[in-house]
Amino acid sequence: GAVVSQHPSRVICKSGTSVKIECRSLDFQATTMFWYRQFPKQSLMLMATSNEGSKATYEQGVEKDKFLINHASLTLSTLTVTSAHPEDSSFYICSAREDRSGYGYTFGSGTRLTVV
Amino acid sequence: GQSLEQPSEVTAVEGAIVQINCTYQTSGFYGLSWYQQHDGGAPTFLSYNALDGLEETGRFSSFLSRSDSYGYLLLQELQMKDSASYFCVFDAGNMLTFGGGTRLMVKP
């Protein structure tokens, strides 16, 4: 089945630094990938939709200058959290659906970001 | 806008049957999906309903009534490993909207 690889799984960074998270579709091409954020004991909230070769679409309230998304190829999307602050500490998850498949999205294993 | 409502927590015993309900409001509809997420893990796809009726996949079944804007996930022969969060998810075809999630605790 479709596999989405997300790295790193955990990262601790200092306040004010930037962190890059990678999301790769390993055995399929994905023109669209999605980035979610999940706070403890809460649901997944869509942050942005990443489109290959074009600008990402951000959800209301998500700062596009802070959360930079690059979808440079059909198998790779990256999310960079710039000038991270403790309130950005969260679980970040990407997902994609194989363009040819019927139902169901495949999710990456998530990245636990802790900003200290 | 879109919204999905589901209970926040459900507790059941091993071997039992549990039903997790989901009601939704949306201006357009493609389908209702269910995802399972264990603590610290990624959501995994369980089932999808685009049409009214029951979809069965092993111990899990999902039901949809579009006229009632209602669906449910039925888990049978509960096992300890079923303890997880379950999300009903509105599938608009090109994006997902997650409900708040139901935390299922299975006790011996």
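Of note, residue A:58 satisfies the criterion of being of a type in the set (Ser, Thr, Tyr), farther than 16 Å from residue A:108 by Cα and either at pLDDT below 95 or under 13 Å from the mean Cα position of the chain (by Cα) (or both). Just one of (1) at negative phi; (2) within 11 Å of chain B (Cβ to nearest Cβ) fails for residue A:77. It is (2).
Being in contact with a His (Cβ under 9 Å, 6 or more places away or on another chain), within 14 Å of another protein chain (Cβ to nearest Cβ), surrounded by 17 or more Cβ atoms within 10 Å (Cβ to Cβ) and of a type in the set (A, V, I, L, M) is a description that does not apply to residue A:47. Counting the residues of segment B:79-95 that are over 22 Å from residue B:58 (Cβ atoms) and crowded, with 21+ Cβ neighbours inside 10 Å gives 1. Checked against the criteria, residue A:73 counts as surrounded by fewer than 22 Cβ atoms within 10 Å (Cβ to Cβ), without any contact (Cβ under 8 Å) to a residue 24 or more places away in the chain, among the polar types (S, T, N, Q) and farther than 24 Å from residue B:88 by Cβ.
When restricted to residues that are of a type in the set (Gly, Ala, Ser), away from every other protein chain (no Cβ under 13 Å) and assigned to a strand (DSSP E or B), segment A:5-26 contains 1. All conditions in (1) under 11 Å from residue A:21 (Cβ atoms); (2) of a type in the set (A, V, I, L, M, F, W, C); (3) more than 9 Å from chain B (Cβ to nearest Cβ); (4) surrounded by 18 or more Cβ atoms within 10 Å (Cβ to Cβ) hold for residue A:56, with the sole exception of (1).
Within segment B:85-102, take every residue that is small (Gly, Ala, Ser) and over 10 Å from the mean Cα position of the chain (by Cα) and give me the one that is nearest to residue B:69 (Cα to Cα). Out of the qualifying residues, it is B:92. Once segment B:36-65 is narrowed to residues that are at pLDDT 95 or above and aromatic (Phe, Trp, Tyr), the residue that is farthest from residue B:84 (Cα to Cα) is B:63.
Residues in segment A:19-36 include at least one that is under 15 Å from residue A:79 (Cα atoms), in contact (Cβ under 8 Å) with a residue 60 or more places away in the chain and among the charged types (D, E, K, R). Residues of segment B:32-64 that are part of a strand (DSSP E or B) and either closer than 19 Å to residue A:36 by Cβ or over 14 Å from the mean Cα position of the chain (by Cα) (or both): B:32, B:33, B:34, B:35, B:36, B:37, B:44, B:45, B:46, B:48, B:53. Of all residues in segment B:65-108, those being part of a strand (DSSP E or B) and either of a type in the set (A, V, I, L, M) or away from chain A (no Cβ under 14 Å) (or both) number 14.
The values are calculated or read from the model by the stated rules, or taken from the named source; none is laboratory data. Since this is a predicted model, take the numbers as computed values, not measurements. Glycine gets a Cβ as well: all are built from the backbone with ideal geometry, and neighbour counts include every protein chain shown.
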